Amino acid sequence: MQSDRLLLRGRILTFRSEPQSPDDTSAYTYIEDGALLIAGGVILARGTYNDVIAEAGEARVVDHRPHLLTAGFIDTHIHFPQVQIIASWGAQLLDWLNTYTFPEETRFADDGHAAAMASRFFDLLISHGTTTSVAYCSVHKGSANAYFQEAERRDMRVIGGKVLMDRNAPDGLRDTPQGGYDDSKELINSWHGKGRAHYAITPRFAITSTPEQMVMAGVLVAEHPDCFVQTHLSENRNEIAYTLELYPEARDYLDVYQRYGLLSEKMLLGHSIHLENREIDALAETGARPVFCPTSNLFLGSGLFDDAGLKAKGITNAIATDIGAGTSYSMLQTLNEGYKILQLQNQKLHPLQAFHWITRGNAIALGLEDKIGTLEPGTEADIVVLNARATDAMSLRMERANSLSEELFVLQMLGDDRTIDEVYVAGRAQKGGKAISYPLQESTQVLAS
Ligand code: GUN
Ligand code: ZN
């Protein structure tokens, strides 16, 4: 009988802690001729090739040398119904939502359309090296079912939720406080904790929910404290002003969510750009997580995320694409634009920190670091294989790269889907296995000869 054991050979990089400087070698494990042994969707062993192969028993070897193996990328904020409005011209947040986004999301009332788009969505994630997404679905329950069904078919660890929105949106894109509660409840019962899925209670943002709906969101959070909660916060100045008009009793924007009991370590707050001191203190006290969305913040002209300022207060920041306001599915391109946003504020995003962020760092922001985000034995085998010479420009630059950090920075600034040589989800190759593959006995002979 064929063994389901897989041994991946290549250069291995995984993080133990957040790197504190560009040469903080204590923060990571790097193995030049390394191997991962995988079975049942989980990493069984990690080490040098010689050590792992000695223990492997029967296994199929896939040789990814000279490429780099890291944990799969994690995208902590993305809108699945916006795949067909990425790159829509000329507007800032509120106009962009009304002109492009809301009309597009009304199409997801059609379950067939939602299913077709879910398939394309996950194809895109995989081709860009993203193995976990935290997604906003549309207001329609069927869109969330389509998202979770497609993820289940691919055995991906995902988080998602249908958006709650009962005002300031067109016909066909509003629920009601009770309807939104009932649909969310049904989706939680169907999906939360099923296989690798988690539910996120998702009031879209303050502008599209009445106080009555916020009350119901608070009830859902109280009834399901192990679900995630996601929304948007302080992305755009006009958005903030309108929010404070709609919620005149709120001390500030974050207080809208705080007064309905939504804040905790399970909460992800997209953008969190223009914050008052009180809001920053409340984030620090409750452990709620801001999510930096660099390509989106530049595209919509929203503003500059203060990563260092928030971190100095002990806040855990996540990073994400925010497709369809974001302009790339690639977490590498997200790091590229993130680097530039931080440069404008005299902050630095060095490559070790950057690669930590899109893997273990985002896993920590989700509280899932025991499952994803590293290549630790016992964790799930979601892995990307990176080729730092994937394009002519990268290849030429790599001729002058003398260190791992330099190679990572080339990937961070110039990498995209072309850089992703292979992706494993729960130990299964997704891109058709470009690498050389052979049974272990044969590889032992090769080694011996
Ligand atoms: N705020 C409320 N909804 C959205 C959305 O879909 N995208 C972005 N960027 N901001 C939002
Ligand atoms: Zn968003």
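Residues that are touching a Ser or Thr at 6+ places or on another chain (Cβ under 7 Å) and away from ligand 1 (no atom under 15 Å from the Cβ) do not occur anywhere in the stretch 189-199.
Within the stretch 105-122, does at least one residue satisfy the condition of being within 17 Å of the chain's Cα centre (by Cα) and either within 15 Å of ligand 1 (Cβ to nearest atom) or on the phi > 0 side of the Ramachandran plot (or both)? Checked against the condition, which is being within 17 Å of the chain's Cα centre (by Cα) and either within 15 Å of ligand 1 (Cβ to nearest atom) or on the phi > 0 side of the Ramachandran plot (or both), the stretch 105-122 yields at least one hit.
Selection of strands (runs of 3 or more DSSP E) fully inside the stretch 30-132 by the criterion of at least 2 residues being aliphatic (A, V, I, L, M), free of Cβ contacts under 8 Å to residues at least 60 places away in the same chain and touching an Asp or Glu at 6+ places or on another chain (Cβ under 7 Å) returns nothing. Do we have any residue at all in the stretch 357-375 that's modelled with pLDDT of 95 or more, surrounded by fewer than 22 Cβ atoms within 10 Å (Cβ to Cβ) and in a helix (DSSP H, G or I)? Checked against the condition, which is being modelled with pLDDT of 95 or more, surrounded by fewer than 22 Cβ atoms within 10 Å (Cβ to Cβ) and in a helix (DSSP H, G or I), the stretch 357-375 yields at least one hit. Go through (1) within 16 Å of ligand 1 (Cβ to nearest atom); (2) surrounded by fewer than 22 Cβ atoms within 10 Å (Cβ to Cβ) for Leu344 and report which single condition fails. All conditions pass for Leu344, except number (1). Given the structure, is Asp75 more than 16 Å from ligand 1 (Cβ to nearest atom), modelled with pLDDT of 95 or more and among the charged types (D, E, K, R)? Judged against the criteria, Asp75 is not a match. With respect to the stated conditions, Asn336 is closer than 30 Å to Tyr424 by Cα, outside any loop (DSSP other than H, G, I, E, B) and in contact with a helix residue (DSSP H, G or I) (Cβ under 7 Å, 6 or more places away or on another chain). The test for being within 27 Å of Ala365 (Cβ to Cβ) and in contact with a Pro (Cβ under 7 Å, 6 or more places away or on another chain) does not hold for Arg60.
I'd like to verify a number: residues in the stretch 96-135 that are among the hydroxyl-bearing types (Ser, Thr, Tyr), buried (at least 17 other Cβ atoms within 10 Å of the Cβ), in contact with a helix residue (DSSP H, G or I) (Cβ under 7 Å, 6 or more places away or on another chain) and more than 23 Å from Asn362 (Cβ to Cβ), how many?
1
Within the stretch 253-282, restricting attention to residues that are of a type in the set (S, T, N, Q) and closer than 15 Å to Ile315 by Cα, the residue that is nearest to ligand 1 (Cβ to nearest atom) is Ser272. Looking only at the stretch 158-204, residues that are within 15 Å of ligand 2 (Cβ to nearest atom) and under 18 Å from Ser264 (Cβ atoms) come to 6 in all. Residues in the stretch 213-232: is at least one of a type in the set (D, E, K, R), within 14 Å of ligand 1 (Cβ to nearest atom) and over 20 Å from the mean Cα position of the chain (by Cα)? No: the stretch 213-232 contains no residue that is of a type in the set (D, E, K, R), within 14 Å of ligand 1 (Cβ to nearest atom) and over 20 Å from the mean Cα position of the chain (by Cα).
Being touching a residue at least 60 places away in the same chain (Cβ under 8 Å), surrounded by fewer than 23 Cβ atoms within 10 Å (Cβ to Cβ), under 28 Å from Thr130 (Cβ atoms) and among the hydroxyl-bearing types (Ser, Thr, Tyr) is a property that does not hold for Ser264. Do we have Gly142 as surrounded by fewer than 22 Cβ atoms within 10 Å (Cβ to Cβ) and at pLDDT 95 or above here? Yes. Restricting Arg259, Arg204, Arg196, Arg251 to those that are surrounded by 15 or more Cβ atoms within 10 Å (Cβ to Cβ), more than 21 Å from Ala169 (Cα to Cα) and under 24 Å from the mean Cα position of the chain (by Cα) reduces the list to Arg196.
The values are calculated or read from the model by the stated rules, or taken from the named source; none is laboratory data. Quick caveat, the model's predicted, so the values are computed rather than measured. Every residue, glycine among them, receives a Cβ derived from its backbone with ideal geometry; neighbour counts consider all protein chains shown.
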